[in-house]
1. Residue 73 passes all but one of (1) farther than 19 Å from residue 2 by Cβ; (2) at pLDDT below 90; which number fails?
2. Residues 3, 10, 19: which one is under 25 Å from residue 77 (Cβ atoms) and touching a helix residue (DSSP H, G or I) at 6+ places or on another chain (Cβ under 6 Å)?
3. Filtering segment 25-38 down to residues that are out of contact with any helix residue (DSSP H, G or I) (no Cβ under 8 Å at 6 or more places or on another chain) and within 18 Å of residue 74 (Cβ to Cβ), which residue is surrounded by the most Cβ atoms within 10 Å (Cβ to Cβ)?
């Protein structure tokens, strides 16, 4: 139900978005998105240095035995700095 509400109320307002949490819950959320919605994910964001050091989330397709997409993992401070910078320009 939450993903359906997100799809109808929030997602139409954004061209791209960042998923908070590069761990199990963030990956589960990502995998629940459609292919078109996954293309709109700009990055994963986290505070855990271990996850951030991985730098990239790679989705692996077992059938084709290949990586289907790569999404950067960034630290929350980077996202906050970027947001403040963009808002300051407006």
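1. Every listed condition holds for residue 73 apart from (2).
2. Working: 3 fails: under 25 Å from residue 77 (Cβ atoms); 10 fails: touching a helix residue (DSSP H, G or I) at 6+ places or on another chain (Cβ under 6 Å).
It is 19.
3. Ranking the qualifying residues of segment 25-38, first place goes to 26.
The values are calculated or read from the model by the stated rules, or taken from the named source; none is laboratory data. Remember, it's a predicted structure, so these values are computed and weren't measured experimentally. Cβ: placed from backbone, ideal geometry, glycine included. Neighbour counts: every protein chain shown.
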